[in-house]
Amino acid sequence: MNARRIGAIAAAAALALGLTACGDSADDGDTGSTSSAGKIKIGIKFDQPGLGLKSGSSYSGLDVDVAKYVAKELGHAEGDIEFVQAPSAQRETLISTGQVQMIFATYSITDKRKATVSFAGPYFIAGQDLLVRADDTSITGPETLTGKKLCSVTGSTSAQNVKDKFPGVQLQQFGTYSECVAALASKGIDALTTDNTILAGYAAQDQYKGKLKVVGKTFSEERYGVGIKKGDTALCGKINTALTKMIDSGDWQKAVDANLGPAGFKVDTAVNPPKPDACS
């Protein structure tokens, strides 16, 4: 009898221990899940002053500030964000393969891109312009580029616009705009074309102050959107709600002033701040 009691007690203890262990394992799993649920990967540019710039382990710019605001509204703490470099030619791939959940990288909304990814926004409207050396008086607009060496970035709408509208230009495409700026300063090219927001940021950098200038004659409309996975209308709606709140609260204007103001950039108030498009 004693042996049976001892056996029963031991079996009950083992069962209780097993259930406890299972409970602990489930708790551990929940804790791990909760701690990782807040993580989010966001694509930005790493080399665009005033928009998306990485300096050491810190990030700054209008795209970065808008991304942080939207992420916060979606329930992500700033520490949950992992910023991923998103070069122009790789943005669609980064989204479609799930390497990032959102992209804020001077990402112009176009019909061609909509075939692969979806967009929330726009959250800013810029225009394509030209950056030249300060002492160059021969380039006054895109119509004066014939025979000139013009730099842009592979995969950008800027490069495509030039190809379509000004076939007499000697277009050279680099991997990043910072490479183009360095080539412009060293007289390897005659001009750089991309959005006026980006060009103003480069012209305002200490090493280029007084050496480069923005021509100031825009020839396109660039609507910066938030790139997301194709067909994710639920996320699009949440992002648009966050962008509208940012604009209505005055935080959008503060971000624009803080990031684009130092470069002397004049925001086109006829189109800014923009209203987000309907999600589709």
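Looking at the chain as a GNM with Cα springs under 10 Å, which of Ser60, Ser186, Ser158 has the largest mean-square fluctuation? In the Gaussian network model the winner is Ser186.
Find how much the distance from Lys41 to Asn272 grows on full extension, using 0.36 nm per residue of separation minus their present alpha carbon separation; answer in nm with one decimal.
On the way: separation 231, 0.36 × 231 = 83.16 nm, distance 2.74 nm.
Once the chain is fully extended between Lys41 and Asn272, it gains 80.4 nm.
Across the chain, the mean sequence separation of Cα contacts (distance under 8 Å, 6 or more residues apart), normalised by length, yields a relative contact order of 25 percent. Mind grabbing the base-10 log of I(q)/I(0) for region 128-214 at q = 0.19 Å⁻¹? Debye formula, identical points on the C-alpha positions, no solvent, two decimal places. One equal scatterer on each Cα of region 128-214 leads to -0.74.
To one decimal place, what Kirkwood hydrodynamic radius in Å is obtained for the chain from all pairs of distinct Cα atoms? Provide the component values of the computation, followed by the final result.
Numbers: mean 1/r = 0.0479 Å⁻¹.
Evaluated over the chain, this radius sits at 20.9 Å.
Taking every alpha-carbon pair under 8 Å whose residues sit at least 6 apart, region 128-214 reaches a relative contact order of 41 percent. Sorted ascending by nearby beta carbons within 10 Å, beginning with the fewest, Glu73, Glu143, Glu92 become Glu143, Glu73, Glu92. Highest mobility in the GNM of the chain, judged by mean-square fluctuation with C-alpha springs under 10 Å and restricted to Ala200, Ala182, Ala115, is found for Ala115. Count Lys and Arg as plus one, Asp and Glu as minus one, and take only other residues whose Cβ is under 12 Å from that of Phe219; the net charge is then -4.
Between Thr140 and Thr233, what's the calculated FRET efficiency when r is the beta-carbon distance and R0 is 45 Å? Round to 0.05. E between Thr140 and Thr233, to the nearest 0.05, is 0.50. The ranking of Met102, Met246 from fewest to most other beta carbons within 10 Å of each one's beta carbon is Met246, Met102. Among Lys41, Lys148, Lys254, the ranking by other beta carbons within 10 Å of each residue's beta carbon, starting with the fewest, stands as Lys254, Lys41, Lys148.
Subtracting the Cα-Cα distance of Lys112 and Ser55 from their residue separation scaled by 0.36 nm leaves 17.3 nm.
Membrane-span-like helices in the chain, defined here as complete DSSP H runs extending at least 18 Å along the helix axis by their C-alpha atoms with mean Kyte-Doolittle hydropathy no lower than 0.0, are 2-37, 233-249; this is a sequence and geometry rule, not a statement about a membrane.
Only the coordinates and a few stated rules stand behind these numbers; no lab work does. Predicted model, so just to flag it, every value in this text is computed and none were measured. Neighbour counts are summed over all protein chains in view; Cβ atoms, including those assigned to glycine, are modelled from backbone coordinates with ideal geometry.
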